[in-house]
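Participant: Quick one: this structure, given as structure tokens, is what I'll be asking you about.
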Amino acid sequence: MRRSVKYRVLFLVSAILAYTIGFQILPEQLSGDRSYLIVTGVSVVYFLLLPLLYWYAIIKVGEQKLWKLLIIFSLSSLMARLGFPAEIANYFEFIAWLRFPIIAVLLAIELYLIVSITRGLWQARKAKGDPRLTVINQYGVDHEQTSPAADKPPLQDDKKLTLGYMLATEPASWYYAISYFSRHHASAIAHISSFSASRWHLLLLLSALMTAATGSYLALVNWSELTALFVAGFIAYGVVLLCASHRIARHYSCYLIDEKLVLNRGIWGMLVVKLTSITVVDLLDDNATRDKQALSLGRGQSNTRLMFNAPQLYHGSMGQLTEWVSQVDVVLDNPAQFKTIIEAALAEEETGLQQAS
């Protein structure tokens, strides 16, 4: 497991434990020194220790944006409003009113971005390919402004890329879930080994999803039938994502399009690499040294390694957790064929560049 993933799991487990224990030990009312001490201790954990852990584990190690600290502060404020004694929780009720003007400003910004991005997606509606690629091409790495001396290539628009990728995941899920929509998709040059490509794995996930939807409905129907239907429907809607992820993993996990190599980890992650950024395609045997901190795609022992002349942006967690990678190890079903195709495409690309010059 890579270092960044370990720290994400560490933070998630820590947050769950902190909030769970907080709800268990917080008193209902402030009465006595002990209750004040408990509330003070929980406040330190909620608003100091957890944000510090989030900053180190997610922002520093995971190389995320600093503004994402707002997520953990907002979550801790919500937990304080729900769990703290009434005397203190009322203060968070007062603070909660401040969220409306803030939300209004954020919504105005988000609306502008959504309109701008939707216009771009609409203009590319006839493109024969993954809708997420349209967003990456429009707002991702700016190859024309890339400097060899820079540590990381510049992005055309980081905010639009994050939001646009998330919005494009919705049409992408329908595009892949229904085979008719993706009938003109580029053919795979190899397949990444993964559980998601197995039909039994899909059936298992669909069964679990339907069980969760039914369970949520039964748990909430006596409280509110409308809420029960909404929650159950929202969970059941995940069928589209699961089917899309299965078809991507089974048919479109590795392909070439527009002089770019696309590596898909189902619907959840994507790496798009310009062919001219690939410097080495190595076939790994059982004795090859493997870097545990490098990005690895596929189940099992990696048999192919790609190295790049500049860091490439991997879009994880449906584009919400991105990271720069200088190499990637992949588990392919036919690594020799993959290497041959990539090297032939690189040779053709170099020939075209020489003729153009």
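The values are calculated or read from the model by the stated rules, or taken from the named source; none is laboratory data. These numbers come from a predicted model, not from an experiment. So basically every Cβ, Gly included, is an ideal-geometry build from the backbone, and we count neighbours across all protein chains shown. Only protein heavy atoms, including side chains, enter the accessible area calculation; ligands, DNA and RNA are left aside. Shrake-Rupley method; radii C 1.70, N 1.55, O 1.52, S 1.80 Å.
Participant: Could you say whether any residue in the stretch 287-308 is under 20 Å from the mean Cα position of the chain (by Cα) and under 18 Å from Val141 (Cα atoms)?
Facilitator: no
Participant: Can you pull out every residue in the stretch 190-238 that is touching a Phe, Trp or Tyr at 6+ places or on another chain (Cβ under 7 Å) and closer than 30 Å to Ser253 by Cα?
Facilitator: Ala190, His201
Participant: Spot the failing condition for His246; the list is (1) open to solvent by less than 10 Å² (accessible area, probe 1.4 Å); (2) under 18 Å from the mean Cα position of the chain (by Cα); (3) more than 30 Å from Leu220 (Cα to Cα), and only one is missed.
Facilitator: For His246, the exception is condition (1).
Participant: Scan the stretch 54-85 for residues that are open to solvent by less than 20 Å² (accessible area, probe 1.4 Å) and in contact with a Pro (Cβ under 7 Å, 6 or more places away or on another chain) and jot them down.
Facilitator: Correct list: Ile72, Pro85.
Participant: When you scan the stretch 261-304 for strands (runs of 3 or more DSSP E) that lie fully inside it, which ones turn up with 1 or more residues that are of a type in the set (Ser, Thr, Tyr) and outside the structural domain of Leu202 (by the TED database)?
Facilitator: Details: elements: 269-274, 278-283, 295-297.
Strands (runs of 3 or more DSSP E) meeting the threshold: 278-283, 295-297.
Participant: Also, I was wondering about something else. Between Leu256, Leu202, Leu209, Leu275, which is surrounded by 17 or more Cβ atoms within 10 Å (Cβ to Cβ) and either within 25 Å of Ser302 (Cα to Cα) or touching a residue at least 40 places away in the same chain (Cβ under 8 Å) (or both)?
Facilitator: Details: Leu256 fails: surrounded by 17 or more Cβ atoms within 10 Å (Cβ to Cβ); Leu209 fails: either within 25 Å of Ser302 (Cα to Cα) or touching a residue at least 40 places away in the same chain (Cβ under 8 Å) (or both); Leu275 fails: surrounded by 17 or more Cβ atoms within 10 Å (Cβ to Cβ).
Testing whether each residue is surrounded by 17 or more Cβ atoms within 10 Å (Cβ to Cβ) and either within 25 Å of Ser302 (Cα to Cα) or touching a residue at least 40 places away in the same chain (Cβ under 8 Å) (or both) leaves just Leu202.
Participant: Then there's this: Taking Met318, is it in contact (Cβ under 8 Å) with a residue 60 or more places away in the chain, under 27 Å from Tyr176 (Cα atoms), open to solvent by 50 Å² or more (accessible area, probe 1.4 Å) and not in a loop (DSSP other than H, G, I, E, B)? Before the answer, list the steps.
Facilitator: Numbers: in contact (Cβ under 8 Å) with a residue 60 or more places away in the chain: yes; under 27 Å from Tyr176 (Cα atoms): yes; open to solvent by 50 Å² or more (accessible area, probe 1.4 Å): yes; not in a loop (DSSP other than H, G, I, E, B): yes.
Yes; evaluated as a whole, the condition is true for this residue.
Participant: Select from the stretch 132-147 the residues that are surrounded by 12 or more Cβ atoms within 10 Å (Cβ to Cβ) and charged (D, E, K, R) and write down the one among them that is modelled with the highest pLDDT.
Facilitator: Arg132
Participant: Would you check if there is a residue in the stretch 250-258 being modelled with pLDDT of 90 or more and assigned to a helix (DSSP H, G or I)?
Facilitator: Looking for residues that are modelled with pLDDT of 90 or more and assigned to a helix (DSSP H, G or I), one finds at least one in the stretch 250-258, hence yes.
Participant: Still on this structure, please answer the following. Between a first residue in the stretch 1-26 that is open to solvent by less than 70 Å² (accessible area, probe 1.4 Å) and a second residue that is β-branched (Val, Ile, Thr) and outside any helix (DSSP H, G or I), which pairs have beta carbons less than 6 Å apart while being 6 or more apart in sequence or on different chains?
Facilitator: Ser4/Val61; Tyr7/Val61
Participant: Give the number of residues within the stretch 148-184 that are open to solvent by 20 Å² or more (accessible area, probe 1.4 Å) and part of a loop (DSSP other than H, G, I, E, B).
Facilitator: Here the count works out to 14.
Participant: Got a sec? Which of Asn287, Asn309, Asn334 is surrounded by fewer than 17 Cβ atoms within 10 Å (Cβ to Cβ), under 30 Å from Pro154 (Cβ atoms) and not charged (D, E, K, R)?
Facilitator: Values: Asn287 fails: under 30 Å from Pro154 (Cβ atoms); Asn334 fails: under 30 Å from Pro154 (Cβ atoms).
The conditions single out Asn309.
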